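Here is the structure we will look at, set down as structure tokens.
The values are calculated or read from the model by the stated rules, or taken from the named source; none is laboratory data. Since the model is a prediction, treat every value here as computed from it, not as a measurement. Reconstructed Cβ throughout: ideal geometry from the backbone, glycine too, with neighbour counts over all protein chains shown.
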């Protein structure tokens, strides 16, 4: 565990003794904030420490001032911080076990060094229990914080849909932007893909230093460099979502890392890479993205059976979705037969807007921008059917969670349609919408939840698909074509990403 420590001038007497305690327990310790000035305002020290946690660079913090009161006030005004002061050993561990506290606050003028040592050790040795009563109460605390930032994304969250960010770049970790999205915009998870990382690495210098360091360390393969960079970012992001993961019974608060898209038709290598990446990341709320191709389905089943969290990607049609859901259930059944815990999780990502982009000039006006929503609603109906009944109930009784349906590619491609079109249209309980950053901010500003998808919408979705077929679009065949095109698009992004890393490496060596 990485432990960050900070103090104003009145609490410095505790810093080194408590750092010794943390190191003796096997933790990495580092100090932030002004360390030598004769006077330091407690908000400065508090902000320096809390920024480290909000950026995912530290797991927990120990923060000190004279009484412990000032830093308490300051720390609890920061995103993703749950800070508590105590002068006793009991509260020090209970605040973590019951309340998921991540910052311990102490007063250098009111707590002796030896009691402070015991308190710090109890705090650092404790883990959140995850018991239902504690998770329930912490969800209420998180809800109170969300209500302080009521906006259309709050309304969307209240429909039962979970909002994930379809974007990552190192600066949104470093500057606290992701922490603010979690605190203020009801974001509870994050997805990534080769295209996102390609733009992040090729178009900025944010990763240049890290690429140089990896190259100096003897890591010269572009693929190896990429996975090192991606895992670094996603481990940090996973820390920010860990509380959500813990209080949701492991059904939310996830981040996603994709295997090489070049493996979309290679079952065995997908299995081995997926297992290896999940183990390397060592984050319980990280998901491995696996394409939902025919060759991907047995890989999904095997990885689920091994206990890996899986985000099935590149799904378009109900046929694709059913194949992914069946692979998930078979994997769980195998895991149950082997005596494993059914505590891993999966989502199935159905791509929405690419349907309408593909038929933009092929359908009459009354069907424009309707096929993507209709195909998604058909998948939602399949989700409701598959995750009910005796077969599923037998797994649920052993602790399994349904594979949530996730709506992806929800930015608007038609310039004539509202920029929040797909987000508004696909609000649905028990689902996830992973939203690009621009669309997320647009919805927070002027989006509207006009209703939710219900069984009453199922017949209308079938009617749209029927009319599209009558208009000359073979919808089933188009779904297969879109999956192939999506695979090829990700392959291109992957090659572009490898070229960007290679060029960066050459430039850095020359410099």
Exercise. Taking region 379-416, which residues are out of contact with any helix residue (DSSP H, G or I) (no Cβ under 6 Å at 6 or more places or on another chain), within 21 Å of residue 479 (Cβ to Cβ) and assigned to a loop (DSSP other than H, G, I, E, B)?
Worked result: 414
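Check region 187-197 and report whether any residue there is more than 18 Å from residue 434 (Cβ to Cβ), over 13 Å from the mean Cα position of the chain (by Cα) and part of a helix (DSSP H, G or I). Outline the logic, then answer.
In the first step, residues of region 187-197 are kept if they are more than 18 Å from residue 434 (Cβ to Cβ); the result is none.
No - not one qualifying residue is present in region 187-197.
Could you please let me know if residue 434 is touching a strand residue (DSSP E or B) at 6+ places or on another chain (Cβ under 7 Å), part of a loop (DSSP other than H, G, I, E, B), modelled with pLDDT of 95 or more and under 20 Å from residue 167 (Cα atoms)? Don't jump to the end; show me each part of the working.
Values: touching a strand residue (DSSP E or B) at 6+ places or on another chain (Cβ under 7 Å): yes; part of a loop (DSSP other than H, G, I, E, B): no; modelled with pLDDT of 95 or more: yes; under 20 Å from residue 167 (Cα atoms): yes.
No.
Do we find that residue 374 is within 27 Å of the chain's Cα centre (by Cα), in a loop (DSSP other than H, G, I, E, B), buried (at least 21 other Cβ atoms within 10 Å of the Cβ) and touching a residue at least 24 places away in the same chain (Cβ under 8 Å) in this structure?
Details: within 27 Å of the chain's Cα centre (by Cα): yes; in a loop (DSSP other than H, G, I, E, B): no; buried (at least 21 other Cβ atoms within 10 Å of the Cβ): yes; touching a residue at least 24 places away in the same chain (Cβ under 8 Å): yes.
So residue 374 fails the test.
Looking only at region 359-367, decide whether some residue is outside any strand (DSSP E or B) and under 25 Å from the mean Cα position of the chain (by Cα). Give the derivation first.
At the first step, the residues of region 359-367 found to be outside any strand (DSSP E or B) are 359-367.
Keeping just the survivors that are under 25 Å from the mean Cα position of the chain (by Cα) gives none.
Checking region 359-367: not a single residue is outside any strand (DSSP E or B) and under 25 Å from the mean Cα position of the chain (by Cα).
Go through 109, 133, 139 for me and flag whichever is surrounded by fewer than 17 Cβ atoms within 10 Å (Cβ to Cβ) and in contact with a strand residue (DSSP E or B) (Cβ under 9 Å, 6 or more places away or on another chain). Before the answer, list the steps.
Values: 133 fails: in contact with a strand residue (DSSP E or B) (Cβ under 9 Å, 6 or more places away or on another chain); 139 fails: in contact with a strand residue (DSSP E or B) (Cβ under 9 Å, 6 or more places away or on another chain).
The match here is 109.
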For this session: Quick one: residue 160 ticks every box in (1) in the same structural domain as residue 181 (by TED's automatic domain parsing); (2) in a loop (DSSP other than H, G, I, E, B); (3) modelled with pLDDT under 95 except a single one, so which number is it?
Result: (3)
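Criterion first (surrounded by fewer than 19 Cβ atoms within 10 Å (Cβ to Cβ), assigned by TED's automatic domain parsing to the domain that holds residue 497 and touching a helix residue (DSSP H, G or I) at 6+ places or on another chain (Cβ under 9 Å)) does residue 177 satisfy it?
Details: surrounded by fewer than 19 Cβ atoms within 10 Å (Cβ to Cβ): yes; assigned by TED's automatic domain parsing to the domain that holds residue 497: yes; touching a helix residue (DSSP H, G or I) at 6+ places or on another chain (Cβ under 9 Å): yes.
Considered against the rule, which asks whether it is surrounded by fewer than 19 Cβ atoms within 10 Å (Cβ to Cβ), assigned by TED's automatic domain parsing to the domain that holds residue 497 and touching a helix residue (DSSP H, G or I) at 6+ places or on another chain (Cβ under 9 Å), residue 177 comes out as yes.
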Seminar exercise, completed: With the first residue restricted to region 459-470 and required to be within 15 Å of residue 379 (Cα to Cα), and the second required to be assigned to a helix (DSSP H, G or I), Cβ contacts under 6 Å at 6 or more apart or on different chains are 461/374; 461/377; 461/378; 464/374; 465/374; 465/475
Problem set entry | Residue identified as assigned to a helix (DSSP H, G or I), surrounded by fewer than 18 Cβ atoms within 10 Å (Cβ to Cβ), touching a helix residue (DSSP H, G or I) at 6+ places or on another chain (Cβ under 8 Å) and not assigned by TED's automatic domain parsing to the domain that holds residue 427 among 97, 114, 87 | 97
Seminar exercise, completed: Of the residues in region 472-494, those that are over 18 Å from residue 352 (Cβ atoms) and assigned to a helix (DSSP H, G or I) number 6
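Check region 421-443 and report whether any residue there is under 19 Å from residue 347 (Cβ atoms), touching a helix residue (DSSP H, G or I) at 6+ places or on another chain (Cβ under 8 Å) and free of Cβ contacts under 8 Å to residues at least 40 places away in the same chain. Give the derivation first.
Quick first cut of region 421-443, residues under 19 Å from residue 347 (Cβ atoms) only: 422-423, 426-436, 439-440.
Right, trim to touching a helix residue (DSSP H, G or I) at 6+ places or on another chain (Cβ under 8 Å) and you get 422-423, 426-428, 430-431, 433, 435, 439-440.
Among the residues that remain, those that are also free of Cβ contacts under 8 Å to residues at least 40 places away in the same chain are: 439.
Looking for residues that are under 19 Å from residue 347 (Cβ atoms), touching a helix residue (DSSP H, G or I) at 6+ places or on another chain (Cβ under 8 Å) and free of Cβ contacts under 8 Å to residues at least 40 places away in the same chain, one finds at least one in region 421-443, hence yes.
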For this session: Being more than 15 Å from residue 261 (Cβ to Cβ) and in contact with a helix residue (DSSP H, G or I) (Cβ under 6 Å, 6 or more places away or on another chain) is the filter here, so list the residues in region 490-511 that pass it.
Result: 500, 501, 502, 504, 505, 508
Exercise. If you take just the helices (runs of 4 or more DSSP H) that sit entirely in region 208-318, which of them hold at least 3 residues that are under 30 Å from residue 137 (Cβ atoms) and free of Cβ contacts under 8 Å to residues at least 60 places away in the same chain?
Worked result: 222-247
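Looking at residue 487, is it touching a helix residue (DSSP H, G or I) at 6+ places or on another chain (Cβ under 8 Å) and either closer than 19 Å to residue 316 by Cβ or free of Cβ contacts under 8 Å to residues at least 40 places away in the same chain (or both)? Full working, then the answer.
Values: touching a helix residue (DSSP H, G or I) at 6+ places or on another chain (Cβ under 8 Å): yes; either closer than 19 Å to residue 316 by Cβ or free of Cβ contacts under 8 Å to residues at least 40 places away in the same chain (or both): yes.
So residue 487 fits the description; yes.
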Exercise. What number of residues within region 19-50 satisfy the criterion of being surrounded by fewer than 22 Cβ atoms within 10 Å (Cβ to Cβ), touching a residue at least 40 places away in the same chain (Cβ under 8 Å) and within 26 Å of the chain's Cα centre (by Cα)?
Worked result: 2
